[in-house]
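A.B. asks: My questions will all concern the structure given below.
The values are calculated or read from the model by the stated rules, or taken from the named source; none is laboratory data. What you see is a predicted model, and the numbers here were worked out from it, not measured in a lab. Note: ideal-geometry Cβ built from the backbone for every residue, glycine included; neighbour counts use all protein chains shown. In case anyone asks, the SASA skips ligands and DNA or RNA and just uses the protein heavy atoms, side chains included. Shrake-Rupley method; radii C 1.70, N 1.55, O 1.52, S 1.80 Å.
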Amino acid sequence: MGVDERARRAGLSGILLVVVLSGAAGCGWSRPKAGPPPTASAAAGVRTTPTPSPTPHWDGERLPGPIAGELAGQLRTRWGFEVHSAVVTPPPSAPGGPPRHVEYEGRKARPGGYDLVFMITAEPAGRSRFVQFNVVGGMSAAAANDLADATDLALDGKLPAPQRASMIARFTEEPKQAPARSAVVEGTEIRLDVTGPRPGVYLVRPLPAGTP
């Protein structure tokens, strides 16, 4: 999946997150707090729209590290997120996207005037396919450290110190320490958006060579 496609999906996810967490009027989608991820059988009772066929852009392979519900719980413990989760079944009119899946989302105001935001996209059985962490309200050294800490949690504590340092350097405008391309840790690609309105980190499994 290209960076443009990932940025498009991240933007749509950000819109969904803002609507959910702002308590917008007329939004009747009740999201339980994070816990063990819903099972496929439980998910069937949440939405009944037929599921489109899986596509090669279902973010490659599953991510290693904690399953989605456990990671959401760790993020809640670490930062005090109010976590929301829901089963999502895209309609047949939206081909090319992921099949039925679970999304976990949270947003937390942090000292320094910024919000830390996360979203985890996972299979109904719980294994993560895509994880993103964003900062809203202005980047800073503290925000960059939060992004690095969150990424380390998602990688089950396996983010190497050099990669952590280079990540923070990218977000704090120290290009001499920054890598020229995305890093891969434990088979997970760490993509950075350092210039967008919601700078952040995106964790995916690289698609196999030759995937359209």
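A.B. asks: Quick one: which of 110-121, 125-136, 76-87 comes out on top by average Cβ neighbours within 10 Å, and what's the full order, highest first?
C.D. replies: Packing proxy ranking, top to bottom: 125-136, 110-121, 76-87.
A.B. asks: Before I look further, what does region 80-177 give for accessible area per residue, probe 1.4 Å, in whole square angstrom?
C.D. replies: Solvent-accessible surface per residue comes out at 38 Å².
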